[in-house]
Structures are given as structure tokens and as C-alpha cells.
Amino acid sequence: MQKTNFKDLFSKQSVDYVRFRPTYPRELFSFLSTLTKNKNSAWDCGTGNGQAAVELAKIFRHVVASDPSSKQIQNALLDPRITYITAAAEDFYSPEKEYDEKFDLITVAQAFHWFNHEKFAYVVKHVAAKDCHLVVWSYANAFVTPEVDAAVHHLYEDILHDYWDPERKLVETGYKSITMPFEQVSAPAIDMKAEWSCEHFLGYLSTWSALQKYMSMNGKNPLEEEAEKIKKAWGSEELRTVSWPLSIRIWKIS
């Protein structure tokens, strides 16, 4: 099977990714635990720093967590139940080397838009156990207050518009246009929330791939100037609630 080229947009800020990205809510993993009776093995594909994998390890006896970025894997959260593998989603399985482990659950957290979905479906068919579910989720822009949201929108849309990769549109639309050759299952409405300081929120914004691309192409960081506007909009509150509605899609693998 031909090796897949991937856009390595996150290796440079892999340490900041661990520090500043939000964590997925317990409600999500409580729901995932209901999808399969068997709790033997799960595959978290496009695992990044392993944030979802460590939660799955509380449910499943073994979790395989894969990512094409070796830097992300090097900074991943360790757990004795997790086996980390550096591999692209489309290259995880090949007919030349049958993969022994079959998975009761396959998850993709905030990475599905980077995949070749047809090739990934081929892989899923070959590594899924009986009654396996594929669950993918994503989140787009955060909501804080109308004033903060407006300042962030200016950075996101007016300054960084041309620096977002085309795949970002799939995130903005919640993966609704993506089709998979499996039976679709309805998903619950779940929000991800965090209590953050303004400094932490700015750290999160610094992990945006479009911001990193802007800096690489222009030699300056637009967040340095926009940060003052965001701080002013944030106001005197030390901590504010930051929320992201999760877009969740689920398929049952027959």
C-alpha cells in the first residue's frame, strides 16, 4: 500500500499542544463506553498528544494510539495500557502484513479532516472487531463572551483567513459532508468546556496551525498585536468559561 504524505502542521508546537489544548469532557467517554460490550481494545487514530487515548485507557484493556507526527508521539501522555505507533491513518494496515489486533472501538479526535477518507475506510474494515463503532469528533471556534469572541473572530477570519488549510472547512461544518461506507448512528450533543485564564487562552490560540503558517511565511506573530485587544475584551475576570460545541459522527462497522 502506498505510503501517505501528510501535512505536518503540529510538530513544531507539539509541547504547547500538550500545555494549552482543552481536554475532552468525561461525558463523551462515558457515552463511548456504552457503544460496545467488549472492552478489549481500542484504536485512537491521529492521537496527537494522546489526550483521548489516556481516557480510552480507563475503559479498554489496551489502546493503540497512532499519529504520523513522531514529535507528537514523543510528547504524548504515557499510560501502561497505551501502545503508541508513528503511522498515518491510511498506512496503519496493509494486506501484506495482517494486523493481529481487532478493535472494539475506533476513535478520531480533531484529526479526521486530514485523512484520505476512502483509504481510511479500507483500513477500518480490516481492523474492526465485530460490532465495532467508528467515532470521530471535532471542535471549531471557542465561545467566551461576545466581546472576546469578536476579537478572536477578527484574528481567525480577517487576519488568518488565507492561512487556514482547505481541510479546515470540514471542521467548521462538523464533518457533515464526509461520507463513509458504514451504517451511521445518531450522536449526542456534548460541549467541551474549560475554566481558563486569559494567558492560557492566548496560549491555546498560539497552537493554531494557521497562526504557525502565518509566522513562517511573514516572519512575525500577529497574535502579539491582537493579544492586547483580546486582553481588553477579556476584562478583569481572572478565569472565564471557554466552551466548544463538539461535532460528533458515529458509524457502526458491519
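Read the figures in this text as sums done on the coordinates, not as results from a lab. Small disclaimer: the values here were computed from a predicted structure and weren't measured. Backbone-built Cβ (ideal geometry, glycine too); neighbour counts: all protein chains shown.
Taking N as the number of residues in the range 123-254, what is its Cα Rg relative to 2.2 N^0.38 Å? Show your work: numbers first, answer last.
Numbers: Rg = 18.0 Å, N = 132, 2.2 N^0.38 = 14.1 Å.
Compactness ratio reported: 1.28.
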- Task: Name the residues whose placed amide hydrogens come within less than 5 Å of the amide hydrogen of residue 65, ignoring near sequence neighbours (fewer than 5 apart) on the same chain.
- Result: 44, 83, 84, 85
- Item | GNM top mover of 141, 49, 218 - the chain, alpha-carbon springs below 10 Å | 218
- Query: Do the sum for the chain: with -39,500 (n - 2.57) for every DSSP H run of n ≥ 4, divided by all residues, what is the mean residue ellipticity at 222 nm, to the nearest 500 deg cm²/dmol?
  - Reply: -8500 deg cm²/dmol
- Item | Hz values of 3J(HN,Hα) by residue in the range 248-253 - Karplus curve (6.51, -1.76, 1.60), Gly and Pro given as x | 10, 10, 9, 10, 9, 8
- Whole-Hz ³J(HN,Hα) from phi, Karplus 6.51 cos²θ - 1.76 cosθ + 1.60, for the range 163-170, glycine and proline x: 9, 7, 5, x, 4, 4, 4, 5
- Neighbourhood net charge (15 Å Cβ-Cβ; Lys/Arg +1, Asp/Glu -1) for residue 121: 0
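What does the C-alpha gyration tensor say about the overall shape of the range 116-172? Classify as rounded when a/c is under 1.5, otherwise prolate if a/b is larger than b/c, or oblate.
Values: a/c = 7.65, a/b = 2.30, b/c = 3.33.
It is oblate, given that a/c is not under 1.5 and a/b is not larger than b/c.
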- Message: Loop only by DSSP, 11 or fewer other Cβ within 10 Å of the Cβ. Give me the trypsin sites (Lys or Arg not before Pro) in the range 18-116 that pass, ordered by residue number.
- Response: 37
- Query: Separation of the range 203-254 and the range 132-187 by C-alpha centroid, Å?
  - Reply: 12
- Can you sort 35, 160, 134 so the residue with the fewest Cβ neighbours within 10 Å comes first? 35, 160, 134
- Say we join alpha carbon atoms closer than 10 Å with springs in a Gaussian network model of the chain; which of 225, 27, 96 then has the biggest fluctuation? 96
- Task: Among 64, 135, 242, determine the one that fluctuates most according to a GNM of the chain built with springs between C-alpha atoms less than 10 Å apart.
- Result: 242
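How long is the gain from residue 35 to residue 220 if the chain were fully straight, where each residue apart is worth 0.36 nm and the alpha carbon distance is subtracted?
Numbers: separation 185, 0.36 × 185 = 66.60 nm, distance 4.64 nm.
Using 0.36 nm per residue and subtracting the Cα-Cα distance, I get 62.0 nm.
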- Item | Built amide H within the under 5 Å cut-off of residue 128, gap 5+ | 103
- What does the chain give for Rg and for Dmax, in Å, if only its C-alpha atoms count? 18.5, 60
- Once phi for every residue in the range 100-109 is put through the Karplus expression 6.51 cos²θ - 1.76 cosθ + 1.60 (θ = phi - 60°), the whole-Hz ³J(HN,Hα) values, with Gly and Pro written as x, are 5, 7, 10, 9, 7, 8, 10, 10, 9, 9
